[in-house]
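Each remark here refers to the structure printed beneath this line.
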Amino acid sequence: MKTEKRERYKYQMHLLLRLIKIYHGFAPELWWCVTAQAMLQVAGPFVNLYFSARILSELIGGRDAQRLGSYVLLTLICNLTIFLFSQGIGKINSVAQSKVMWKELRSVGDTFLKTDFENLGDAGYQNKKRYYLERRTMDGALCWGTIYNVQRMVKGICTIAASVVFAVPAFLGYGGGTSFFTSGLASLLMLLLLAGALVCTVCLNRRQTEREMQFYKEFMEGNRSFAYYSGECTQYKHGKEIRLYGEEKLLLEGLKKSLDIDRLGKKGLLTGFYEMMKAGLGMLLSGCVYFFIGARAIAGAFGAGMIVQYVGAVTQFTGGFSEMAGGLAELRGETPFIENYLGILDSRPVKYQGSIPVEKRDDNEFEIEFRDVSFRYPGSSDWALRHLSLKLRIGEHLAVVGRNGSGKTTFIKLLCRLYDPTEGEILLNGIDIRKYNYEEYLELFSVVFQDFRLFSFSLGQNVAAAVDIDRERAASSLGQIGFGDRLKEMARGLDTPLYRDFDKDGVEISGGEAQKIALARALYKDAPFIILDEPTAALDPIAEYEIYSGFEKLVGGKSAVYISHRLSSCRFCDDIAVFEEGRLVQRGGHEELLAGEDSLYARLWNAQAQYYAEHTEEEDTLGMEPVYVS
Ligand code: ADP
């Protein structure tokens, strides 16, 4: 049990030291400032104790005006110096702390941007993120608590050191006295009393930290709901439903429940209780110290003036010890958060990344081959893809169709190395794609996913997916995809901000416009492989067909992969792969697949065509062209 505790303690110290080093990397001046500030905070009271004792002794004793004057002057000079240094170092310290805070937040964002995609979908990884963000919402960045408590510890240690120097003479034996209080035994008893009080302080601090951490845990759950409800309330895109379905009561109720004022009150009471206990203990001890030192002074061990220094020093000692023990207990209480933060930083990409450059071939001769590929998502026991073998040469246009959940998107995710196959291999020009330089490999693909995202940047930056834009290329990509007229209407053109998060002149674009911008982004990238993974799923089948077949004209000599669960959208393609339950079950042209005996494609086609036929009869009456029903 003891070794377990020791190991735990060692582990906590190891984490803390690692964090301290990381913060040092963020702002090298930080720990110097923290130490200097702590020392200055300690110096003030001790300077005053020192001179007060001398001034008092002088007043009671020699009353030498010149000496008195110089004591007063020195007190003033020292206090002024400490004050000025404290102000200066305090400022540098607070700037350093802000720097650390921003860098800490950035380090988390940076890790999330660079980590393997598969980590982002992992529940454990998501929990880490949530834990960090909840802690941040509650208390700001992790660094605030850590720096504050390290400073408390440094201050505590310095205070202890100074008070030992100041108080030791009060406990030394005084030969001449006959009183019990001047005896060594009295000093020993007083020291034992002090030690007992210190042990009590440590226990109280530890108990307080444990209980507060328990509160934190419960708070974080409330905080999670609070963040959710308050976030939803303010979202423009949720405003319609909230108003139309009168959901504001539902949200407000949730908000009220999650903001547990009673719990906050209890936390305040708990802290108050422990602080009161510690203060009471401190007072009791001070009373004993006053008594002991007063009695020694009366017995003639030292002059009355020195009572101030000794009593003050012993009181400072207990205060310093309390600071040090409190800081340490809180730092140990922070262990789960520190561990979580370091865990996030450690989740750097682990995916194997090869070094073979992807040849920038002039002839763009690329061939992709899936060789008996099977795949299970991490943590899942079901196969999302099973024994998939398929080749795709540059310039070929492939449609992948199949019911929802048949593995079409998974096929694309594997193709783009967002995940690696569980079994089998994917080859580019005969070499396993894992062996290629990952970034260069990704350059081969322009993908528009069903759940594509645009950001609150300018239109041009969204199209270029970069800060610096090739304006001509961006405008031409938008023009090709049918966004040209809309672009002309925009007063700020490519510089028009999307959405209104940062700019009141931002435009709220429609779903259809967003799709066009996402498609333009794929064209702008000008990669040899273009993939459309149902970005048009929200559109009706006619619009989807028009976009797919229109896009086909833009693709030219590049390779293209079109994904859809609506067979009609892809029938223009000569090469259609039919997926079912993660397997490739048919491949061929539209007519060929329709003709196949017991053909899944034919069954799906007929089922869907029937629906479209009924559907389009209705649309006919509205004057719409049935574009694709055979
Ligand atoms: P499709 O694109 O054909 O609709 P998907 O490739 O998205 O199908 O999904 C194939 C299978 O993999 C489905 O059973 C789906 O539930 C499962 N799946 C998809 N994404 C994940 C994921 N992130 N984790 C676990 N299972 C997933």
**Asked** Using helices alone, what [θ] at 222 nm do you get for the chain, with -39,500 (n - 2.57) per DSSP H run of 4 or more residues, divided over all residues and rounded to the nearest 500?
**Response** -21500 deg cm²/dmol
**Message:** Could you work out how much longer the chain between MET283 and ARG583 gets when fully extended? Use 0.36 nm per residue separation minus the Cα distance between them, nm to one decimal.
**Reply:** 100.3 nm
**Request:** Go through LYS413/LYS558; LYS256/LYS278; LYS413/LYS516; LYS155/LYS266; LYS351/LYS516 and tell me which ones have a Cα-Cα distance over 25 Å in this structure.
**Result:** LYS256/LYS278; LYS155/LYS266; LYS351/LYS516
**Message:** Report the gain in length on full extension from LYS5 to GLU275: 0.36 nm times residue separation, minus Cα-Cα distance, nm rounded to one decimal.
**Reply:** 94.5 nm
**Asked** Can you give the Rg to Rh ratio for region 112-215, taking only C-alpha atoms and Rh from Kirkwood?
**Response** 1.30
**Prompt:** Which is farthest toward the positive dipole end of the chain among THR271, ILE531, PHE502, measuring Cα position about the Cα centre, with Cβ charges +1 (Lys, Arg) and -1 (Asp, Glu)?
**Reply:** THR271
**Request:** Might you report the magnitude of the Cβ-based charge dipole of region 478-545 about its Cα centre, with Lys and Arg at +1 and Asp and Glu at -1, to the nearest 20 debye?
**Result:** 220 debye
**Prompt:** Going toward the positive end of the dipole of the chain, with +1 on Lys and Arg Cβ and -1 on Asp and Glu Cβ, which of CYS78, SER230, ALA577 do you reach last?
**Reply:** CYS78
**Item:** MET213/SER183 FRET efficiency (R0 35 Å; Cβ-Cβ; nearest 0.05)
**Value:** 0.20
**Request:** Calculate the spin-label point distance for ASN606 paired with GLU365, positioning each point 7 Å from the Cα along the beta-carbon direction, and give it in nanometres.
**Result:** 4.5 nm
**Asked** DSSP beta bridges in the chain, what fraction antiparallel, as a percent rounded to 5?
**Response** 45 percent
**Listed residues GLY395, THR201, LEU255: farthest to the positive end of the dipole of the chain (Cβ charges)** = THR201
**Item:** Mean-position separation - Cα centroids, region 267-284 and region 23-57, in angstrom
**Value:** 26 Å
**Distance between region 362-418 and region 469-547 - C-alpha centres, whole angstrom** = 27 Å
**Complete:** For ASN127 and SER225, extending 7 Å from Cα along the Cα-Cβ vector and measuring point to point gives, in nm, a value of 2.1 nm
**Asked** Taking a temperature of 10 °C and a viscosity of 1.306 mPa s, what whole-number D in µm²/s does Stokes-Einstein yield for the chain with Rh from Kirkwood over alpha carbon pairs?
**Response** 51 µm²/s
**Prompt:** How large is the charge dipole for the chain, taken about the Cα centre, if only the Cβ atoms of Lys, Arg (+1) and Asp, Glu (-1) carry charge, to the nearest 20 debye?
**Reply:** 4600 debye
**Fill in**
Here Rg/Rh (Cα, Kirkwood) for region 479-573 equals 1.01
**Message:** If I histogram all Cα-Cα distances within region 328-437 using bins 5 Å wide from 0, what percent of pairs lands in each bin?
**Reply:** 2, 10, 16, 18, 15, 11, 8, 6, 5, 4, 3, 2, 1, 0
**Request:** Apply the membrane-span-like helix rule to the chain: whole DSSP H runs, Cα extent along the own long axis of at least 27 Å, mean Kyte-Doolittle hydropathy at least -0.5. List the helices found.
**Result:** 30-60, 65-114, 142-171, 184-233, 261-298, 305-333
**Message:** Tell me the net charge near GLU247. Cut-off is 13 Å between Cβ atoms, GLU247 excluded, with +1 for each Lys or Arg and -1 for each Asp or Glu.
**Reply:** -1
**Label-point separation in nm, ILE356 to VAL199, each point 7 Å along Cα→Cβ** = 7.0 nm
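Just so you know, all these numbers are worked out from the coordinates, no wet-lab data involved. Note that the structure is a prediction, hence the values are computed from the model and not measured. Ideal geometry is used to build each Cβ from the backbone, glycine not excepted, and the neighbour counts take in all protein chains shown.
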